[in-house]
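A short reminder: the numbers here are calculations on the coordinates, not readings from a lab. Quick caveat, the model's predicted, so the values are computed rather than measured. Note that each Cβ is placed from the backbone with ideal geometry, even for glycine, and that neighbours are counted across all protein chains shown.
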Amino acid sequence: MRSANYSTLGFLLLVLGVSIIIKSDSAFYSDKYGFNIDLTEYKYLFGFLLSALGMGFLRTSMGYDPEKEHDENEAFICLQCRVPICRRDAPDLKCKECGRDLESVKGFFERHPELKEKN
Ligand SMILES: [Zn+2]
């Protein structure tokens, strides 16, 4: 659901940005609230920024996650063997020794306080 929301938001921003660039009249005004904003002078700037933002969201929704690049160094540990390992060295998150699922070291001792006592 998260990626679907990103792609919807990205698409809307992209459409809005492009429409601002394409529209000849970029003045927004409201008699009711008494404001009158003329974006004609800045429409390329606004349009470009919105489009770029939309593209960024779309890119994120398609699997590009900037945080993932840092996760390569995230430490995992095998509950059975107690061997710490980087995500980079275990892409499937399975222990190389026993094949069990690895757990993230982050918050490990919060989840397993009994292990902390032994160490
Ligand atoms: Zn193991």
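Note on Ala75 and Met62: their simple-model spin labels are 3.7 nm apart, each label 7 Å out from Cα toward Cβ. Summary of packing: across the peptides 50-62, 91-103, the per-residue average of other C-beta atoms within 10 Å ranks them, highest first, as 50-62, 91-103. Remark on Val105: its backbone amide H falls under 5 Å from those of Ala75, Phe76, Ile77, a criterion applied only to residues 5 or more positions apart or on other chains, H modelled at 1.01 Å from N. Spacing of the modelled spin labels on Lys23 and Cys86, each 7 Å from Cα toward Cβ, amounts to 5.0 nm.
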